[in-house]
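Trainee: Pasting a structure below so you can have a look.
The values are calculated or read from the model by the stated rules, or taken from the named source; none is laboratory data. The structure presented is a predicted model; accordingly, all values stated were derived computationally and were not measured. Counting neighbours? That spans all protein chains shown, and the Cβs are built from the backbone with ideal geometry, glycine included. Areas reflect the complete protein model, heavy atoms only, side chains present, ligands, DNA and RNA absent. Shrake-Rupley method; radii C 1.70, N 1.55, O 1.52, S 1.80 Å.
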Amino acid sequence: GRISMTDGALFVIPTGPQVWSYHLDTSTAQTDTSVHAAPGAGLSLYVQSIAISTGSATAFNVFFEEGASKVLGPYYLEAVAGRGTVINFLCPKKITANTALTITTSAAIAQCVDVTGFIARG
């Protein structure tokens with residue numbers, strides 16, 4: 001969509017209108033945990049950013065799947081308490097149409113994962 005301002009400037013929203021976010025804050029290892037359900041026929045999930053951090057000096061990895069196929073990651077963090085990373089996709093990562101996205105993490109340590117994205121045709 002677009003929004004016009006009174007000074008003549010044009011602002012374009014670079015995402016679809018159905019923005020979503022996922023937040024995980026736990027100390028339990030995750031296995032195929034739902035990040036977002038399938039969006040419906042003709043629609044796809046698009047991932048824009050991922051932020052990952054841990055609170056333990058234990059090696060850690062995380063990956064995202066559609067069904068049994070890894071589509072993002074694995075992303076690895078070394079065994080340093082407070083280690084983290086942020087991944088921003090300049091071109092959003094498209095998940096197969098009408099397919100759910102899940103997360104799996106490798107360790108039962110303090111962990112936080114945030115994912116943002118949007119739903120659009122595709």
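Trainee: Of all the accessible heavy-atom surface of the chain, with the other protein chains kept in place and a 1.4 Å probe, what percent is carbon and sulfur? Numbers along the way, then the final one.
Mentor: On the way: 3690 of 6650 Å².
With neighbouring chains kept in place, the figure for the chain is 55 percent.
Trainee: What residues of segment 98-122 lie in the reach of a label at GLN18, counting those whose backbone N is under 12 Å from a point 7 Å from the Cα along Cα→Cβ?
Mentor: 98-100, 118-122
Trainee: Further question: Per residue, how much accessible area does the chain show when a 1.4 Å probe rolls over the protein heavy atoms, in square angstrom?
Mentor: The answer is 55 Å² per residue.
Trainee: Something else now. Calculate how large, on average over all directions, the projected area of the Cα convex hull of the chain is; give the answer in nm² to one decimal.
Mentor: Convex hull of Cα atoms, orientation-averaged projection: 8.6 nm².
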